[in-house]
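K.L.:
Provided herewith is a single structure, encoded as structure tokens, for subsequent inquiry.
The values are calculated or read from the model by the stated rules, or taken from the named source; none is laboratory data. Predicted model, so just to flag it, every value in this text is computed and none were measured. Note that we place each Cβ from the backbone using ideal geometry, even for glycine, and neighbour counts take in every protein chain shown. Accessible surface is based on the protein model in full, side chains and every heavy atom, while ligands, DNA and RNA are left aside. Shrake-Rupley method; radii C 1.70, N 1.55, O 1.52, S 1.80 Å.
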Amino acid sequence: MPLAPSSDSGSGDVVEQVSVFLRSLEDLSASFSKNTEALEAFALQQQTAQLQQTFPKLLQQLTETTTLEPAAHQRLRPYQTEAHRRLRLLSVEAMKLRTVKQPETLEKVRSQLQDHLTQLTKFIQAIADEIA
């Protein structure tokens with residue numbers, strides 16, 4: 001779910017966009033965990049790529065448009081770093097999912113994907129809580 005740049009650069013828009021990003025992660029996680037065949041590897045890879053494109057834009061808007069104090073920005077930095085790292089790991093696991101042949105390896109990759117999605121969701125939720 002792409003986040004459109006806002007014409008109004010108020011912090012309320014950033015809060016809303018973080019919420020939309022969070023909902024898209026939760027939707028992805030839910031569709032991934034419902035059925036092993038429900039979300040194809042290629043579709044997962046595309047959604048992950050979309051999230052990776054959206055996240056830096058979201059961070060830029062967060063930095064430019066919110067009126068957070070420097071201490072709050074400092075508290076956000078570890079969340080941002082870890083969320084970015086989890087997004088990259090999610091992308092790597094999505095690529096692995098496309099090439100896995102063995103059932104036990106498939107289960108391991110799926111488990112890692114779900115873990116990355118869970119952790120990423122927690123970091124984005126922490127960011128949302130901090131800016132709300």
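K.L.:
Need one word for the chain: rounded, prolate or oblate. Basis is the Cα gyration tensor (sqrt eigenvalues a ≥ b ≥ c); a/c below 1.5 gives rounded, then a/b vs b/c decides.
P.N.:
Working: a/c = 2.63, a/b = 2.09, b/c = 1.26.
Cα axes put the chain in the prolate bin.
K.L.:
State the number of lysine pairs found in the chain whose Cα atoms come within less than 23 Å, restricting to pairs 8 or more positions apart or on distinct chains.
P.N.:
Values: Lys34/Lys96; Lys34/Lys101; Lys34/Lys108; Lys34/Lys122; Lys57/Lys122; Lys96/Lys108; Lys108/Lys122.
For the chain, the number of qualifying lysine pairs is 7.
K.L.:
Which of the peptides 77-83, 43-49 is most tightly packed, and how do the rest follow, judged by the mean count of other Cβ atoms within 10 Å per residue?
P.N.:
On the way: 77-83: 15.6, 43-49: 17.3.
Descending packing order for the listed peptides: 43-49, 77-83.
K.L.:
Just to confirm, what accessible area per residue do you get for segment 23-117 at 1.4 Å probe, in whole Å²? Could you put the intermediate results ahead of the total?
P.N.:
Numbers: 5750 Å² over 95 residues.
I get 60 Å² per residue for this part.
K.L.:
Share of segment 38-132's accessible area from carbon and sulfur, percent, 1.4 Å?
P.N.:
Working: 2830 of 5470 Å².
Heavy-atom surface of segment 38-132 belonging to carbon and sulfur, 1.4 Å probe: 52 percent.
K.L.:
Let me ask something else. I need the phi-derived Karplus couplings for segment 102-118: 6.51 cos²θ - 1.76 cosθ + 1.60, θ = phi - 60°, integer Hz, Gly and Pro marked x.
P.N.:
7, x, 5, 5, 4, 5, 5, 5, 4, 5, 5, 4, 5, 5, 4, 4, 4
K.L.:
Return the sequence-ordered ³J(HN,Hα) values of segment 120-132 in whole Hz as given by the Karplus equation 6.51 cos²θ - 1.76 cosθ + 1.60 applied to θ = phi - 60°, using x for Gly and Pro.
P.N.:
Coupling constants for segment 120-132: 4, 4, 5, 5, 5, 5, 5, 5, 4, 5, 5, 8, 5 Hz.
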